[in-house]
Amino acid sequence: MTSRVRVGIAGTGACMPSRVMTNHDFEKLVDTSDEWIQQRTGIKERRFVSENECTSDLCVVAAQRALEAAGMQASELDLVVTGTLTPDYLLPGVSCLVQDRIGAKNAGAFDCSAACTGFLTALSIGEAFVGSGRAKAVMVLGAESLSRFLDLNDRTSCIIFGDGAGAVVLRPWEECRTGEVLRTTLGADGSGYEFIHMKGGGAKTPPTAASVARGDHFIRMRGREVFRFAVTKMADLIVQMAEGHSYEEIGLIVPHQVNARIIESAMDRVGWPLDKVFINIDKYGNTSAATVPVALDEARRAGRLEPGKLVISVAFGAGLTWGGTLIRW
Ligand code: UT7
């Protein structure tokens, strides 16, 4: 058996759309209030793509920024993998559009569908490729244009989500000496597939005038049930990722920005204070697969990823799916 290659995060990047949707904007659309949204979710505003913008546009900029941070050329990439539930098209994957537009002419490209766990799933795939020696450089993206699938008449779901994209470049740790991916985990419980669900648009309910009129293509969510699952799962994943390490070794926790109350309750369960948790949901809402890479990039640029310290990232979402990673920065 050949020895495993240590895998590092050589660079990060992100791209958020410029169109800001505040809670007050939602007060004009549904029966809600800025106070309710802030108290129940911690969200003040989120970003929505503009009419001529889509997931691939955000990905291209995020990927270029990650390459720049890594000091690499797109032609060096062997693979582009994107976690997304809102690709530009059902066919082909958004990764192919990105591969072409950034000039990654030597790279394979595919998407992975694991909803809010999409980025950590893609990271796990990229880590396996670099770790096994199959690839020398992988672009891993998490990106969404969720606003295209929100029912702006449904106050129980539309206020929580936003759009954005984040990216990391993986390469052998020996070549970048930063962000070593020490551990990854993935899990699923498909019996909960209806908790967060888009009924229409797939092969079971292809789009028809009737399905669109019924709003089958919108994201529907059983918020309270997801909330309960999310608190327990986030706490369990953090404990699992930290196993064998002391609290002092942990520099930062970068969780899926699902809902500030869920993050607070999970940290309470773990028994750790919130000051080691990176939170930016107030600015961007829940951007599904994009929350973790966007937060990682912001944390890096804010100087919150201390060399030598451990970083834990965890996420969960529709499927139900979940994932976690432990990184030594
Ligand atoms: O990324 C993974 C995917 N999503 C999630 O993980 C979401 C997880 N769930 C949540 O974040 C929360 O459940 C929500 C933010 C979606 C809802 O918060 P909640 O505290 O669980 O509210 P609730 O569903 O228990 O509803 C409480 C009340 C209800 O009214 P009644 O029945 O008590 O009269 C709702 O109709 O709040 C009402 N409500 C609202 N009121 C004002 C629900 N949405 C809104 C709203 N504005 N936007």
Provide the net charge surrounding K309, with neighbours chosen by a C-beta distance below 11 Å and charges set as Lys +1, Arg +1, Asp -1, Glu -1. 0
Can you give me the relative contact order of region 181-328 as a percent, contacts being Cα pairs under 8 Å and 6 or more apart? 37
Considering only DSSP beta bridges where both residues belong to the chain, give the percentage that are antiparallel (nearest 5). 70
Between region 302-328 and region 160-211, the Cα center-to-center distance that results, in Å: 14
With a cap of 14 neighbouring Cβ atoms within 10 Å, and only residues DSSP puts in a loop, list the trypsin sites (Lys or Arg not before Pro) found in region 124-159. R134
Give me, ordered by chain and number, the residues 5 or more places off D189 or on other chains with an amide H under 5 Å from its own placed amide H. L320, T321
Filter the cross-link list K105/K136; K105/K199; K44/K309; K44/K276 down to pairs whose alpha-carbon distance in this structure exceeds 25 Å. K105/K199; K44/K309
Mind checking the dipole of region 200-290: about its Cα centre, +1 per Lys or Arg Cβ, -1 per Asp or Glu Cβ, Debye to the nearest 20? 660
Rank T325, S18, V5 by how far each Cα sits towards the positive end of the charge dipole of the chain (+1 on Lys, Arg Cβ; -1 on Asp, Glu Cβ) and give me just the farthest. V5
Once you keep just the Cα pairs under 8 angstrom separated by 6 or more residues, what percentage relative contact order results for region 90-223? 19
Sparse-neighbourhood loop hits (chymotrypsin sites (Phe, Trp or Tyr not before Pro), region 62-119; DSSP loop; Cβ within 10 Å at most 13 others) -> Y89
Which ³J(HN,Hα) values in Hz, rounded to whole numbers, follow from the phi angles of region 193-201 under the Karplus curve 6.51 cos²θ - 1.76 cosθ + 1.60, where θ = phi - 60° and Gly and Pro get x? 4, 8, 4, 10, 8, 10, 5, x, x
Can you check what the net charge comes to around A63, using other residues whose Cβ is under 12 Å from the Cβ of A63 (Lys, Arg +1; Asp, Glu -1)? -2
Note down the net charge around D78, summing +1 for each Lys or Arg and -1 for each Asp or Glu among other residues with Cβ under 14 Å from its Cβ. +1
Rounded to whole Hz and in sequence order, give me ³J(HN,Hα) for region 9-21 from the Karplus expression 6.51 cos²θ - 1.76 cosθ + 1.60, θ = phi - 60°, writing x for Gly and Pro. 8, 7, x, 10, x, 8, 8, 10, x, 7, 6, 9, 10
Cα extents of the chain along the principal axes, largest first, in whole Å, come to 56, 46, 37
Final fewest-first order of W36, W322, W173 on the 10 Å Cβ neighbour count is W36, W173, W322
GluC sites (Glu not before Pro) within region 225-286, DSSP loop, no more than 14 other Cβ atoms inside 10 Å: E243
Under the Karplus curve 6.51 cos²θ - 1.76 cosθ + 1.60, θ = phi - 60°, whole-Hz ³J(HN,Hα) for region 148-165, x wherever Gly or Pro sits: 6, 10, 9, 7, 6, 9, 9, 5, 6, 10, 5, 6, 8, 9, x, 10, x, 8
Please state the charge dipole magnitude for the chain, taken about the Cα centre, from unit charges on C-beta atoms (+1 on K and R, -1 on D and E), reported in debye and rounded to the nearest 20. 360
Relative contact order [Cα under 8 Å, 6+ residues apart], the chain, whole percent: 25
Proxy reagent accessibility, fewest Cβ within 10 Å first, across L58, L90, L310: L90, L310, L58
Amide H to amide H, which residues 5 or more places from G8 or on other chains are under 5 Å from it, using H placed in the peptide plane? R171, W173, V181
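Computed from the coordinates by the stated procedures, all read-outs in this text should not be read as laboratory data. Owing to the predicted nature of the structure, the values given are computational and were not obtained by experimental measurement. Glycine also receives a Cβ, built like all others from the backbone with ideal geometry; neighbour counts cover every protein chain displayed.
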